[in-house]
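Since the structure comes first, as C-alpha cells, the remarks are kept for the end.
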Amino acid sequence: MSGLLAALVAVSQKAAEVARLCRAEEPLFRLLVAEKTGPERNARFLQDFKTLADVLIQEVIKHDLGTQVGTFPELRGHIHGEESNEFRDAEGGTVTVRVGATPGDTAALLLAVLGPEHARAAELLAQTVHREVTLGDTELAGIDPGVSPGELGIWIDPIDSTNEFIAGREDVAAVDGVAPGGLRSALVLVGAFERSTGVPVLGVINEPFFQRDPQSRRWQGRYHWGVAHGDTRLCSLSPPAPRPCPRVVLSRAEGAAVRGALGSLGGGPPLFAAGAGYKLLCVALGLADAFVLSQATTFAWDSCAPHAILRALGGGVVALEGALRAQREGGDTGDPPELVYHRPREGRAGPERWANSEGLVAFVHPQHLRAVLAALGELRGL
Ligand code: 2IP
Ligand code: CA
Ligand code: CA
C-alpha cells in the first residue's frame with residue numbers, strides 16, 4: 001500500500017510545526033515554560049501546558065492518519081501513543097482533547113482546557129493543526145512498503161526528550177557530532193509495527209530543531225524514514241560504515257560500571273546525549289555504533305520508529321537482559337531476538353505495560369552488538 005509512508009512523514013512534519021510554534025510564539029512559549037508552583041499550581045489546569053502540547057500533537061497525528069477523509073480508516077483504533085487525551089479543564093471536569101472538524105471547533109476545545117485568558121494561544125495552535133502539509137519529497141509518494149494499513153499498528157511519541165524541549169538550550173556544542181543535550185534532542189517519533197508479530201516495519205524520526213536558519217533565525221527541521229518488511233529494506237539514510245571497534249552513546253543515567261566496560265571496547269570514550277530517540281538516531285546516522293541502555297526507562301513509543309529505521313539499515317534493537325541471558329545459557333548462537341511492539345507486559349498498569357523492561361542495545365552492524373554483549377557479559381562475570 002503506497003502512500004502510508006508519505007502520510008507518516010506528513011504527520012510528523014505537522015507535529016514538528018506544532019513543536020516549533022510552541023517555542024516561537026510568545027503566548028504559547030510563556031505557557032510552555034511557566035512552572036506553576038504553590039497555590040497557583042493547578043488553579044487553571046491540572047497538567048502542564050507541555051503535556052497539552054504533547055497530547056495535541058498526538059491527537060493531530062491520530063486525526064490526520066485515521067480520521068480525515070481519504071486517509072487510512074483501517075488504522076483507527078490501532079494508533080497508540082505515550083499520552084492519554086483526557087485532560088482536566090478549567091473547572092476541574094474532564095475534556096477529551098481532540099482535533100475538531102474546523103479550526104474553530106479545535107480552538108474551542110483547547111480554550112476549555114486553557115481557560116479564556118489564553119484565547120490567542122488556542123487560536124494559534126488550532127490554525128497550525130488544521131493547516132495542510134505539502135511534502136516536496138516526490139520519492140516518498142511512490143514507496144510501497146508492501147504491507148497494508150490493516151496489518152499495522154502505530155506508536156507515537158509526540159515529543160521525545162520533553163525536558164530538553166522545555167529547557168530549550170539552543171547552542172549546545174556537539175561532541176564528535178553528537179549533541180549532549182539541548183533542543184536538538186527533542187524529536188517526533190512515529191513508527192508502525194505489524195499487528196500479528198509486533199515487528200517494526202515503518203519508522204519516521206523528525207528533528208524539529210535540526211538547525212537555525214542563519215538569516216531568519218527560524219528553526220529548520222529534517223526527517224528520516226525507513227521501511228523494513230519482508231525482504232524490503234528502504235531508508236532515507238545510507239548504512240553508516242562500521243568503525244573497527246564500537247563507539248557507544250549512553251544516557252547520563254548509566255552507572256560507572258557500564259560506562260567503564262563499554263568505554264574500553266576500543267572505539268573511544270562513550271558519548272552522552274539526552275533523549276532515547278536522539279540516541280537511537282545517533283546510531284542510525286553512524287555518529288555512534290551502539291546505544292546501550294541498562295535500565296527499563298524507555299517505552300514502545302520511544303523505540304518503535306527508530307527501530308524500524310535501524311532494521312532498514314540492516315541493524316536492530318534487542319532487549320539487553322534477554323540477550324545476556326541467551327549468551328549465558330549458551331546453546332544456539334544465533335542473534336538474540338529483537339524488541340516487539342504488540343504485547344503489553346502482563347500484570348502491569350499504565351505506561352509500565354509498554355516499558356522496554358529489559359533495557360536495550362541498538363546497533364546497525366551485528367559485530368558491534370556482539371562486542372557490546374561480550375563486554376557486558378564479562379562485567380557480570382559470565
Ligand atoms: C524520555 C526521554 C528521556 C529519556 C527517557 C525517555 O522520553 O527521551 O530523555 O532518558 O528514556 O523515556 P535519557 O535522556 O536519560 O535517555 P520523554 O521525554 O518522552 O518522556
Ligand atoms: Ca519518550
Ligand atoms: Ca514524549
### Task
Mind listing just one residue for me: the one in region 282-300 that is open to solvent by 10 Å² or more (accessible area, probe 1.4 Å) and closer than 19 Å to ILE156 by Cα and, of those, farthest from ligand 2 (Cβ to nearest atom)?
ALA296
### Query
Does ASP89 count as in contact with a helix residue (DSSP H, G or I) (Cβ under 6 Å, 6 or more places away or on another chain), assigned by TED's automatic domain parsing to the domain that holds VAL9, at pLDDT below 90 and not hydroxyl-bearing (Ser, Thr, Tyr)?
yes
### Task
May I ask you to say which residue of ALA374, ALA326, ALA355 is among the small types (Gly, Ala, Ser) and either crowded, with 20+ Cβ neighbours inside 10 Å or within 16 Å of ligand 3 (Cβ to nearest atom) (or both)?
ALA355
### Message
Being more than 14 Å from SER12 (Cα to Cα), outside the structural domain of LEU65 (by TED's automatic domain parsing), open to solvent by 60 Å² or more (accessible area, probe 1.4 Å) and away from ligand 1 (no atom under 16 Å from the Cβ) narrows it down to one residue among ARG184, ARG195; which is it?
### Response
ARG195
### Task
Looking only at region 253-269, decide whether some residue is within 16 Å of ligand 2 (Cβ to nearest atom) and either hydroxyl-bearing (Ser, Thr, Tyr) or in the same structural domain as GLU321 (by TED's automatic domain parsing) (or both).
yes
### Task
Tell me which of these LYS279 doesn't satisfy, since it passes every other one: (1) away from ligand 3 (no atom under 16 Å from the Cβ); (2) surrounded by 15 or more Cβ atoms within 10 Å (Cβ to Cβ); (3) under 22 Å from PRO240 (Cα atoms); (4) not aromatic (Phe, Trp, Tyr).
(1)
### The one condition in (1) part of a helix (DSSP H, G or I); (2) open to solvent by less than 10 Å² (accessible area, probe 1.4 Å); (3) closer than 13 Å to LEU320 by Cα that HIS368 fails to fulfil
(3)
## Note on the structure
If you go through GLU352, GLU329, GLU346, the only one that is among the charged types (D, E, K, R) and within 16 Å of ligand 2 (Cβ to nearest atom) is GLU352
### Query
Out of the residues in region 237-251 that are under 22 Å from the mean Cα position of the chain (by Cα) and open to solvent by less than 60 Å² (accessible area, probe 1.4 Å), which is nearest to ligand 1 (Cβ to nearest atom)?
SER251
### Summary
Subset of region 121-162, residues modelled with pLDDT of 90 or more, exposed (fewer than 14 other Cβ atoms within 10 Å of the Cβ) and assigned to a helix (DSSP H, G or I), comes to GLN127, GLY150
### Task
Give the residue that is farthest from ASP157 (Cα to Cα), with candidates limited to residues of region 1-57 that are at pLDDT 85 or above and of a type in the set (Lys, Arg).
ARG23
### Message
Considering only region 304-315, I want to know if a residue exists there that is among the basic types (Lys, Arg) and assigned to a loop (DSSP other than H, G, I, E, B).
### Response
no
### Check on VAL292, within 16 Å of ligand 1 (Cβ to nearest atom), in contact (Cβ under 8 Å) with a residue 24 or more places away in the chain and over 18 Å from ALA186 (Cα atoms)
yes
#### Entry: Count of region 297-320 residues which are more than 16 Å from the chain's Cα centre (by Cα) and either within 16 Å of ligand 1 (Cβ to nearest atom) or aromatic (Phe, Trp, Tyr) (or both)
2
### Task
Please determine, by comparing only the residues of region 252-276 that are in contact (Cβ under 8 Å) with a residue 40 or more places away in the chain and in contact with a Gly (Cβ under 9 Å, 6 or more places away or on another chain), which one is surrounded by the most Cβ atoms within 10 Å (Cβ to Cβ).
ALA273
### Query
When region 209-251 is examined, which residues are found to be of a type in the set (D, E, K, R) and under 29 Å from GLY267 (Cα atoms)?
ARG222, ARG233, ARG243, ARG247
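The values are calculated or read from the model by the stated rules, or taken from the named source; none is laboratory data. Worth saying up front: this structure is predicted, and the values here are computed from it rather than measured. Because the Cβ atoms are built from the backbone with ideal geometry, glycine has one as well, and the counts that use them run over all protein chains shown. SASA here: full protein model, heavy atoms, side chains in, ligands and nucleic acids out. Shrake-Rupley method; radii C 1.70, N 1.55, O 1.52, S 1.80 Å.
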